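These notes concern the structure reproduced below.
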Amino acid sequence: TVIVAVILILFLLNVRTTIITLTALPLSLAAALLTLDGLGMTLNVMTLGGLAVAIGELVDDAIIDVENVHRRLDENALLPEAERRGSVEVIYSASNEIRSSVVYATVLICIVFLPLMFLDGLEGRFFKPLAATYIVSIMASLVVALTVTPALCKLLLKPRAAKPGAAAAPASKREHAQSDGFLVRWLKRRYEPALRWSLNHRVLIISAAILATGLSLLLARTFGTSFLPEFREGSFTVFVSSPPGTSLAESNRSALGIERRLIALDGVLSVTRRTGRAERDEHAEPVSNSELDITLTADADYASVRAGISAVAGGVPGVTVQIGQPIEHRLSHILSGTPAAIAINVYGEDLRTLRTLAKQIESELKAMPGARDVMANREVLITSIPIRYRHQELAAAGLTPADAAEQVQVALYGEHIAEINQGVRRYAMVVRLDASERERVEQVRDLTLRGIAEDGKPGPTVRLRDVADIGPEKTPNIIARENAQRKAVISCNVADGHNLGDLVAQVKARVEPIVQRAGYFVEFGGQFEAQQSASRTLMIAGAGIAVLMLMLLQLATGSLKVAALVMINLPLATIGGIAAVFISDSLLHAGLVRNTLALFGLGHSAYLAPVLSIASLVGFITLFGIAVRNGILLVNHYRYLIEVDRKPLPEAIIQGSLERLVPILMTALSAALGLLPLALASGQPGSELLAPLAVVVLGGLLTSTFLNLFVVPAGYALIHRVSAAPPNNNLSQQSLLGRVSRAFLRRPS
């Protein structure tokens, strides 16, 4: 609120306009919250994130309306007294002047967010609430701008009193309302000559914009990809797997040694451990496996703590260690069934072959610098006692395999024969062999089975060893299946300095030949699969939305060429977003200068590719909406000046751009400063999903604002074949700097 107030006062120098615009903020938020409550949505991280992203744009519609009303009232006050209209009529016509542009722009911003509503799975659970909250908030701000803002303008804004006997201002001065503050006058004095130069060199301007777009897209090709940004949860989860068959005492001793070394690391606040899990637990684990939860101090350095954990784990021979974070671990488990980011599923029939392939793949991945925490097959070979019945001997004893199996089951596991009531509790009575008679394999072999005679009476008895072959043998504790096929699972995480997309490409190149030689097939799952699915959904839905946007833009502008011009702004607006991702990631991980030199093969450091996540893609979606809004405001104002005020086309472009300079800058600043706290929180716990989005929008706002102020006028002049900008006869003639700039920049005739 304070930021918006400062912006309004600086640009408009009017306390009343500030009050009117600020009123839209709480009203829009209140309407949005009531709507969300009616839809059954709750306040959570993502809905609050949607409000945080929208907060800087909730006043945009009100700013545009108030600025236009304020300017038209000042222009009306400069007219001769006989030509002046009533203030209510001026407010009404000024609001109607920008009404269609505001409505179309706001609807298009909401349409841009519709692809997020098509996301499924985990990514849908994250970003659908954000998109829904954003759309509801923006539509609520539109309703406020259409109803409350004009009413407050009528109530609070008064026309400037003209001095008695003063002559009417010249038309040129009326076109640039002389109540402009010093900041607006300063901006217009510098914008007008630059605008005229860009119109006279429009081919150069558009070519430079296209070249910058191409270079930015080339830079984006060097970026890596990921599903979600790296989380900073304030804790780590470490899985320690000892060799199968390790006793509880030995596993506890090994894990205790690791635990003591971890608590001594700088930045570690506490370490808790769990060794093994009950066999009936949902995530049953043998006693050879331990899970350690490490809580960090508030000022801990994540990279150094993770490196310290890896060093501690690497110093313990014979154990496999996976390092993750609690939420990150659970997300990966939901996506792939493993606690790692990448799950490699190898399908086949023979368990021995699957186990061999898993070991080969594990060896290959451990040699890759980008992979860490590599683990093949979480299965454990345990001692089992298989019973394989010999059908001829069973038949001779009057038994079927089902009868024999039932008797063995009753002897070893018991039979439920009754329930005992004891107060309010009920206990099942189960009868089975005493524990001392079912401890050893020999005792199982000596179990007595009773046959069934032909007349249904009890038949002869027989020892189990006489009718069956009985183990022991080593078998897997888990036989994993998917789609009725056996599979082996190899999992790994992404090492620091690498990214999910590039690592998966390298893994595929190494793993697929190994699996294909064995005649089996492989699938890659986990976060990579979710990232691919989300990107594919956004691309398909985005293509459909782009067609819909073009149709609406044609309705809004009345011209397919102009609609295409506004749409061209979308790829152009990505320049700043891509640059912002490169700068922020380089500053956070590698250093900007060092990473820039490494990008061009200079210096001694390796290039650390910035990472684009689904959160970054949502940032680009937000950016597209803002670029479309400002483009519509410009081209529709040109159209208004031509059709209503009967301005020549070159003059309409100059005047329209100057008159839209203030609202474009005000809305861009409001949106940017509203997102600035989210961007500054980059790298802090809890900001992982919203900070990348804010970084993209902040960077993109710089270039999209520039493009709307220069490229759109130049493109509009080009498609309408305007020969050159008209000579300057207004604001810039009043300043020495304007005359010098015009003389320097004017092309020879």
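The values are calculated or read from the model by the stated rules, or taken from the named source; none is laboratory data. Everything numeric in this text was worked out from a predicted model, so none of it was measured. Positions of Cβ are generated from backbone atoms using ideal geometry, with glycine treated the same way; all protein chains shown enter the neighbour counts. Protein only, heavy atoms only, side chains kept; ligands, DNA and RNA dropped before computing areas. Shrake-Rupley method; radii C 1.70, N 1.55, O 1.52, S 1.80 Å.
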In Hz, Karplus ³J(HN,Hα) per residue of the range 44-58 (6.51, -1.76, 1.60; θ = phi - 60°; x = Gly, Pro): 9, 4, 7, 5, 5, x, x, 5, 5, 5, 7, 4, x, 9, 5
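Between Leu217 and Glu643, what is 0.36 nm times their sequence separation minus the Cα-Cα distance? Round to one decimal in nm. Kindly include the intermediate steps, with their values, before the conclusion.
On the way: separation 426, 0.36 × 426 = 153.36 nm, distance 3.87 nm.
My answer for the length gained is 149.5 nm.
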Counting only residues 5 or more apart in sequence or on a different chain, those whose built amide H sits under 5 Å from that of Ile382 are Thr475, Asn477
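Applying 1/(1 + (r/R0)^6) with R0 = 45 Å to the Cβ-Cβ distance of Lys474 and Asp37, what FRET efficiency is obtained, to the nearest 0.05?
Numbers: r = 59 Å, r/R0 = 1.31.
For Lys474 and Asp37, the calculated efficiency is 0.15.
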Can you tell which of Leu433, Ile385, Pro317 lies farthest toward the positive end of the dipole of the range 311-440, using +1 and -1 charges on the Cβ of basic and acidic side chains (Lys, Arg; Asp, Glu)? Pro317
Tell me, how many Å apart are the Cα centres for the range 187-242 and for the range 302-321? 37 Å
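Among 340-349, 5-14, 199-208, 427-436, how do they line up by average Cβ neighbours within 10 Å per residue, starting with the highest? Provide the component values of the computation, followed by the final result.
Details: 340-349: 23.0, 5-14: 18.5, 199-208: 16.9, 427-436: 10.5.
Highest to lowest by the protection proxy: 340-349, 5-14, 199-208, 427-436.
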Along the three principal axes, how long is the chain when you take its alpha carbons, biggest first, rounded to the nearest angstrom? 129, 67, 49
Test of understanding: what is the full-extension gain from Leu602 to Glu230, defined as 0.36 nm times their sequence separation minus their Cα-Cα distance? 131.1 nm
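Shape of the range 307-349 from its Cα gyration tensor (a ≥ b ≥ c, root eigenvalues): rounded if a/c is under 1.5, otherwise prolate when a/b > b/c, or oblate?
Working: a/c = 3.70, a/b = 1.44, b/c = 2.56.
Verdict is oblate for the range 307-349.
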At 7 Å along the Cα-to-beta-carbon direction for both Asp496 and Ser363, put a label point, then send me their distance in nm to one decimal. 3.0 nm
Add +1 for every Lys or Arg and -1 for every Asp or Glu among the other residues with Cβ under 15 Å from the Cβ of Leu555, and state the total. +3
Identify all lysines with a Cα-Cα distance to Lys508 below 23 Å; exclude those on the same chain that are fewer than 8 residues away in sequence. Lys359, Lys366, Lys487
Quick one, what does Rg over Rh come out to for the range 407-538 if you take C-alpha atoms and the Kirkwood Rh? 1.25
Across the range 147-156, in residue order, what do the Karplus-derived ³J(HN,Hα) couplings come to in whole Hz, using 6.51 cos²θ - 1.76 cosθ + 1.60 with θ = phi - 60° and x for Gly and Pro? 10, 6, 4, x, 5, 5, 4, 5, 6, 9
The ³J(HN,Hα) series, computed from each phi in the range 219-224 with the Karplus coefficients 6.51, -1.76 and 1.60 at θ = phi - 60°, rounded to the nearest Hz and given as x for glycine or proline, is 5, 5, 5, 7, 6, x
Test of understanding: what is the full-extension gain from Leu13 to Ala405, defined as 0.36 nm times their sequence separation minus their Cα-Cα distance? 132.0 nm
Net charge contributed by nearby residues that have their C-beta within less than 11 Å of Pro326 (K/R +1, D/E -1): -3
Under 27 Å from the Cα of Lys561, which lysines turn up, not counting those fewer than eight places away in the same chain? Lys647
Name the shape class, rounded, prolate or oblate, that the alpha-carbon gyration tensor gives for the range 323-379, where a ≥ b ≥ c are the square roots of its eigenvalues, rounded holds for a/c under 1.5, and otherwise prolate holds if a/b is larger than b/c and oblate otherwise. oblate
Give the calculated FRET efficiency between Gln422 and Thr297 to the nearest 0.05, with a Förster radius of 56 Å applied to their Cβ-Cβ distance. 0.60
Taking the solvent-accessible surface of protein heavy atoms with a 1.4 Å probe, what is the per residue accessible area of the range 239-313 in Å²? 55 Å²
May I ask for the Rg/Rh ratio of the range 636-687, computed from Cα atoms with Rh as the Kirkwood radius, given to two decimals? 1.36
With +1 on the Cβ of every Lys and Arg and -1 on the Cβ of every Asp and Glu, and nothing else charged, how large is the dipole of the chain about its Cα centre, in debye rounded to the nearest 20? 3060 debye
Sticking with the crude label model, points 7 Å out along Cα→Cβ, report the distance from Val203 to His720 in nm, one decimal please. 2.1 nm
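Would you please classify the overall shape of the range 7-80 from the alpha carbon gyration tensor, given that a ≥ b ≥ c denote the square roots of the eigenvalues, rounded means a/c under 1.5, and beyond that prolate means a/b larger than b/c while oblate covers the rest?
On the way: a/c = 3.96, a/b = 2.85, b/c = 1.39.
Prolate, since a/c reaches 1.5 and a/b exceeds b/c.
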Ala435 versus His589, label points 7 Å from Cα toward the beta carbon: distance in nm? 5.4 nm
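Can you check what the net charge comes to around Thr237, using other residues whose Cβ is under 13 Å from the Cβ of Thr237 (Lys, Arg +1; Asp, Glu -1)? Display every interim value, and only then the final one.
On the way: positive: Arg273, Arg274, Arg306, Arg330; negative: Glu233, Glu291, Asp293, Glu328, Asp373.
Summing Lys and Arg as +1 and Asp and Glu as -1 gives -1.
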Can you list the residues, at least 5 places off or on another chain, whose amide H is less than 5 Å from the amide H of Ala480, using H built in the peptide plane? Lys487
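Relative contact order for the range 234-337: what is it in percent, counting Cα pairs under 8 Å that are at least 6 residues apart?
41 percent
How much FRET efficiency would the formula 1/(1 + (r/R0)^6) give for Arg390 and His333, where r is the Cβ-Cβ distance and R0 is 45 Å, rounded to 0.05? Intermediate values should be presented prior to the final figure.
Working: r = 44 Å, r/R0 = 0.97.
After rounding to 0.05, the efficiency reads 0.55.
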